[in-house]
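Read the structure below first, then the notes.
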Amino acid sequence: MSRVYNFSAGPAMLPVDVLKEAADEMLDYRGCGMSVMEMSHRSAVYGDIINEAEADLRKLMNIPDNYKVLFMQGGASTQFAMVPMNFMKNKKAGYIITGQWAKKAYAEAKIYGEAVELASSADKTFSYIPDCSDLPVTDDMDYVYICENNTIYGTKFKELPDTKGKDLIADVSSCFLSEPVDVSKYAMLYAGAQKNVGPAGVVIAIIREDLITDDVLAGTPTMLKYKTHADNGSMYNTPPAYAIYICGKVFKWLLKTGGLEKRKEINEYKAKILYDYLDQSQLFKGTVEKESRSLMNVPFVTGDKDLDALFVKEAKAAGFENLKGHRTVGGMRASIYNAMPVEGVQALVDFMKKFEEVHHV
Ligand SMILES: *Cc1c(COP(=O)(O)O)cnc(C)c1O
């Protein structure tokens, strides 16, 4: 068996310990004689799996009691519609546009009401996080929406926007569990699991309880009401049972390896290895303003498309997979989520140095 260093933005690397444990339990989950994939989600055994996953996540993130944890399907993209359907009571909300995912959420919200662009970094191809200290938030807005870590452009909010008292809703898909967060500062945060947590197919939402009501936009389907999922312990219908099981293992792995404080330390250390090299390289350049740099997604370019393509090709041959930048931006992107070991980032930088020696004239 040989494993590559996989820099994919998602689905992405998972901790080897988690994969091994899942492999051990594949044919016979703890004496049940069946895989978790084959199990009724209404069984007591599965009940323990999902309850433990929630309890571990609550411990890991210190989630206050007045917040619900929901495991749902449809990916982060379904949340782009569920958020306005459930929360746009005045049919007006503010959106901060920091990249593709924020733009998509904004476009979706416009289907249901008035979505107002509060700030944007489109003027410089989303290479920074705009100043959000004095946004034109109005009293009639139901919420303020952000994409906290911009997977494609490699930027991250280092400070949450001043929402002027309005509820903050955040898509944290690509920074979920990468560092501690104060959940109480959000009305809702949500993440598609396949970036930093687990397999595709499950999205995890953490929502302040008082927001979960039957008072949703007319015509909202049952499955798209948060209340449906909250009232049924994420089991109104068959949940993405196996994906939740793997997420649960990742939560345990994070708890066992020092929790989110420790994780932040490791993630900062890893990102610094790459950014420090980019800052002094004569060939490679980071594309993001320093103050806005993501710890998770690191885009960079040589400035020459052909050389970028050659780098991606040679890197792949050397065991560094999925370094090609998003199709909309080109260049390269290294996604260095929780499960990417320090050695993976160090090995990538060593490889980049050698490439630079040959190709920088
Ligand atoms: C990947 C991603 C999405 C879309 O996730 P899907 O699960 O594919 O719908 C949304 N937001 C962010 C920040 C992402 O990184």
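The values are calculated or read from the model by the stated rules, or taken from the named source; none is laboratory data. None of these values were measured; they are calculated from a predicted model. Quick reminder, even Gly has a Cβ in these numbers, built from the backbone with ideal geometry, and neighbours come from all protein chains shown.
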Original post:
What's the number of the condition V202 fails, among (1) within 16 Å of the ligand (Cβ to nearest atom); (2) surrounded by fewer than 23 Cβ atoms within 10 Å (Cβ to Cβ); (3) aliphatic (A, V, I, L, M)?
Top reply: (2)
Subject >> Failed item in (1) more than 17 Å from the chain's Cα centre (by Cα); (2) more than 30 Å from Y106 (Cα to Cα); (3) part of a helix (DSSP H, G or I), with L60 passing the rest >> reply: (1)
Original post:
From the list K316, K353, which one is closer than 15 Å to S281 by Cβ and part of a helix (DSSP H, G or I)?
Top reply: K353
**OP:** Output the residues belonging to region 68-78 that are surrounded by 21 or more Cβ atoms within 10 Å (Cβ to Cβ) and either of a type in the set (S, T, Y) or touching a Phe, Trp or Tyr at 6+ places or on another chain (Cβ under 9 Å) (or both).
**Re:** K68, L70, M72, A76
**OP:** Restrict the check to region 119-130 and report whether at least one residue is under 23 Å from K185 (Cβ atoms), crowded, with 17+ Cβ neighbours inside 10 Å and within 14 Å of the ligand (Cβ to nearest atom).
**Re:** yes
Subject >> Residues satisfying the stated conditions in region 191-235, i.e. over 24 Å from G259 (Cα atoms), assigned to a loop (DSSP other than H, G, I, E, B) and touching a residue at least 12 places away in the same chain (Cβ under 8 Å) >> reply: G201, I212, T213, D214, D215, V216, L217, T220, K225, G233, S234, M235
Original post:
Considering only region 63-104, how many residues are within 16 Å of the ligand (Cβ to nearest atom), under 18 Å from I146 (Cβ atoms) and assigned to a strand (DSSP E or B)?
Top reply: 3
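A quick yes/no check of all residues on (1) of a type outside the set (A, V, I, L, M, F, W, C); (2) closer than 15 Å to V216 by Cα:
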site	(1), (2)
D65	yes, no
S77	yes, no
M85	no, yes
K89	yes, yes
Y95	yes, no
K103	yes, no
G113	yes, yes
Original post:
Is it true that some residue in region 327-340 is in a helix (DSSP H, G or I) and touching a Ser or Thr at 6+ places or on another chain (Cβ under 7 Å)?
Top reply: no
Subject >> Selected residue [in contact (Cβ under 8 Å) with a residue 40 or more places away in the chain and surrounded by 21 or more Cβ atoms within 10 Å (Cβ to Cβ)] from A81, A105, A109, A115 >> reply: A105
Original post:
Which residue, of G286, G259, is farther than 19 Å from F7 by Cβ, among the small types (G, A, S) and surrounded by fewer than 22 Cβ atoms within 10 Å (Cβ to Cβ)?
Top reply: G259
**OP:** Report, by residue number, each residue of region 106-119 that is hydroxyl-bearing (S, T, Y) and more than 20 Å from the chain's Cα centre (by Cα).
**Re:** Y112
Original post:
What about A218, is it away from the ligand (no atom under 16 Å from the Cβ) and either exposed (fewer than 15 other Cβ atoms within 10 Å of the Cβ) or within 23 Å of the chain's Cα centre (by Cα) (or both)?
Top reply: yes
**OP:** Please find, among I152, I169, the residue that is touching a residue at least 24 places away in the same chain (Cβ under 8 Å) and within 11 Å of the ligand (Cβ to nearest atom).
**Re:** I152
**OP:** Determine, yes or no, whether V197 is of a type in the set (V, I, T), under 22 Å from Y67 (Cβ atoms) and touching a strand residue (DSSP E or B) at 6+ places or on another chain (Cβ under 8 Å).
**Re:** yes
Subject >> One residue from N51, N62 being modelled with pLDDT of 95 or more and closer than 26 Å to G165 by Cβ >> reply: N62
